[in-house]
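See structure below.
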Amino acid sequence: MLHAACLGPSLSHHFVSAAATQAMPAPNQQPEVFYNQIFINNEWHNAISKKRFPTINPSTGEVICQVATGDKEDVDRAVKVAQATFQLGSPWHHMDVSDIGHLLNSPADLIEQDWTYLAALETLDSSTPYVIYLVDLDMVLKCLHYYCSWADKYHGKTIPMEGKFSIIVWNFPFLMQAWKLGPALATGKVVMKEDEQTPLTTFYVTNLIKEAGFPPGMVNIILIFVGNPLTARDLR
């Protein structure tokens, strides 16, 4: 899967033109921000240190909101919760793998339901052109639906995923979150570092995962700065 920005001028123009032909409501210039904290064990928390960091509208330089900024203690807490997810007796351990596959469809359905809000939020936080979002949305839905079929077929083998922790970068966080969450949720657990510049759509989609019914501990999201201890940890 490729992001429109990575396709070169001709293909990118084709995708954007195709998206522009579909009916799209006018964007909400000031979408409300509902989530701006650390997500651990299916609950939103302030950082243990109480640190916060401004996320900025890059088109105006104005502060959108303050978001909780994690540290080593928050990473340790998230890792402990994620490890407990695989223990005997945990809700995940008792789930049938085919049910996990079916469960992955639910976030995709909720994302599609809220796509206009997510488009406005991503535009606000990253200055991604609103019409490009229609391309990203289609790729996100296809990605999640694709990994639904992996849950009962990987048989303990390796499937494509970048490590035991996932790190999201700033330029297309919504789509990149799907690339990393799809294989993680199909097979187990994830602790994800969200980029400090564009965290807002990731936070919102994370709450949709909770709303979809995933057991506590399967997804844990922390906003920390590069160089903090997340990348040095082992999630086994």
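Computed values, structure above
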{"read-out": "The range 34-91 - residue that is at pLDDT below 90, surrounded by 15 or more Cβ atoms within 10 Å (Cβ to Cβ) and of a type in the set (A, V, I, L, M) and, of those, farthest from Thr128 (Cα to Cα)", "value": "Ala84"}
{"read-out": "Pairs where the first residue, in the range 49-62, is farther than 14 Å from Ile224 by Cβ and the second is part of a loop (DSSP other than H, G, I, E, B) and polar (S, T, N, Q), C-beta under 6 Å, 6+ apart", "value": "Pro58/Ser127; Ser59/Ser127"}
{"read-out": "Check on Leu110, surrounded by 22 or more Cβ atoms within 10 Å (Cβ to Cβ), under 15 Å from the mean Cα position of the chain (by Cα) and either farther than 24 Å from Thr187 by Cβ or touching a residue at least 24 places away in the same chain (Cβ under 8 Å) (or both)", "value": "no"}
{"read-out": "The range 60-99 - residue that is among the β-branched types (Val, Ile, Thr) and in a helix (DSSP H, G or I) and, of those, farthest from Leu200 (Cα to Cα)", "value": "Val97"}
{"read-out": "The lone exception for Lys142 - which of (1) within 13 Å of the chain's Cα centre (by Cα); (2) basic (Lys, Arg); (3) at pLDDT 85 or above it fails", "value": "(1)"}
{"read-out": "Residue tally, condition at pLDDT 85 or above and at positive phi, over the range 222-236", "value": "0"}
{"read-out": "So Thr128, is it among the polar types (S, T, N, Q) and either farther than 30 Å from Asn28 by Cα or crowded, with 20+ Cβ neighbours inside 10 Å (or both)", "value": "yes"}
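So that you can scan it fast, the table gives a plain yes or no per residue for (1) touching an Asp or Glu at 6+ places or on another chain (Cβ under 7 Å); (2) surrounded by 23 or more Cβ atoms within 10 Å (Cβ to Cβ); (3) modelled with pLDDT of 80 or more:
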site	(1), (2), (3)
Ser166	no, no, no
Gly182	no, yes, yes
Val190	no, yes, no
Thr202	yes, yes, yes
Asn207	no, no, yes
Gly213	no, no, yes
Gly217	no, yes, yes
Asn220	no, yes, yes
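The values are calculated or read from the model by the stated rules, or taken from the named source; none is laboratory data. All figures in this text were calculated on a predicted structure; none of them were measured in a lab. Cβ: placed from backbone, ideal geometry, glycine included. Neighbour counts: every protein chain shown.
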